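A.B. asks: Below you'll find the structure I mean.
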Amino acid sequence: MATKMTTKVNAKKSEDPEVDYSLNDLLLRGRVSAPAIEKELPSGDKVVEFRLIVTRIERGGVDTLDIAAWSSKMRRSALSLKEGEWIEITGAIHRRFWSGAAGVASRWQVEAAEIVRL
C-alpha cells in the first residue's frame, strides 16, 4: 500500500510531514445482471459497461452496481461474461462526469482492475 507524503509548513517555517491515508480499493462479489455493452466515447476512448447484482445480507434485497472496464484486457474479460454468472471484481470507485442534453451529468462507477469468475 503506497502512501503519499506531503509537507505542511507552519508559521515557524518548520516542516511537519503529513501522511495521506486515502484508500480507494474495493472487492465485490456478485452476479452479472446482463451481457456487457461496449461504448466508444466522444474522446475516442472505449469502455465496456455492465451491472453487478450484490445481495444485501443484513437488510435483504440487492444493490445493482455499475461496473466499467477500461483496459483492453478488462474490456475483453467483461465482454465474455454471461448473464447470471458469479464473479469477483477488484477495483476502485470513481465519479464520471459528461455533458448531456440537460447539462453536466455524473454518476458513480466501479472501475474494474480485475475480474475473476467464481
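The values are calculated or read from the model by the stated rules, or taken from the named source; none is laboratory data. Treat the numbers as computed from the prediction; the structure is a model and nothing was measured. With ideal geometry, Cβ positions are generated from the backbone for all residues, glycine too; neighbour counts draw on all protein chains shown.
A.B. asks: Would you confirm whether any residue within segment 54-62 is within 21 Å of Glu40 (Cβ to Cβ), in contact with an Asp or Glu (Cβ under 7 Å, 6 or more places away or on another chain) and either assigned to a helix (DSSP H, G or I) or free of Cβ contacts under 8 Å to residues at least 24 places away in the same chain (or both)?
C.D. replies: Within segment 54-62, not a single residue is within 21 Å of Glu40 (Cβ to Cβ), in contact with an Asp or Glu (Cβ under 7 Å, 6 or more places away or on another chain) and either assigned to a helix (DSSP H, G or I) or free of Cβ contacts under 8 Å to residues at least 24 places away in the same chain (or both).
A.B. asks: Being surrounded by fewer than 12 Cβ atoms within 10 Å (Cβ to Cβ) and either within 18 Å of the chain's Cα centre (by Cα) or closer than 19 Å to Ala113 by Cβ (or both) is the filter here, so list the residues in segment 41-54 that pass it.
C.D. replies: Here is the first cut: in segment 41-54, the residues surrounded by fewer than 12 Cβ atoms within 10 Å (Cβ to Cβ) are 41-45.
Selection gives Leu41, Asp45.
A.B. asks: Within segment 24-40, which residues are within 16 Å of the chain's Cα centre (by Cα), under 14 Å from Asp66 (Cα atoms) and part of a loop (DSSP other than H, G, I, E, B)?
C.D. replies: Across segment 24-40, the qualifying residue is only Ala36.
A.B. asks: Now for a different question. Keeping to segment 60-82, report how many residues are surrounded by 14 or more Cβ atoms within 10 Å (Cβ to Cβ) and either in contact with a Cys (Cβ under 6 Å, 6 or more places away or on another chain) or among the aliphatic types (A, V, I, L, M) (or both).
C.D. replies: 8
A.B. asks: In segment 83-117, what count of residues is obtained for those that are surrounded by 11 or more Cβ atoms within 10 Å (Cβ to Cβ), modelled with pLDDT of 95 or more, part of a strand (DSSP E or B) and of a type outside the set (Gly, Ala, Ser)?
C.D. replies: 14
A.B. asks: Would you be able to tell me the number of residues in segment 11-55 that are at pLDDT below 95 and out of contact with any strand residue (DSSP E or B) (no Cβ under 7 Å at 6 or more places or on another chain)?
C.D. replies: Of the residues in segment 11-55, 6 are at pLDDT below 95 and out of contact with any strand residue (DSSP E or B) (no Cβ under 7 Å at 6 or more places or on another chain).
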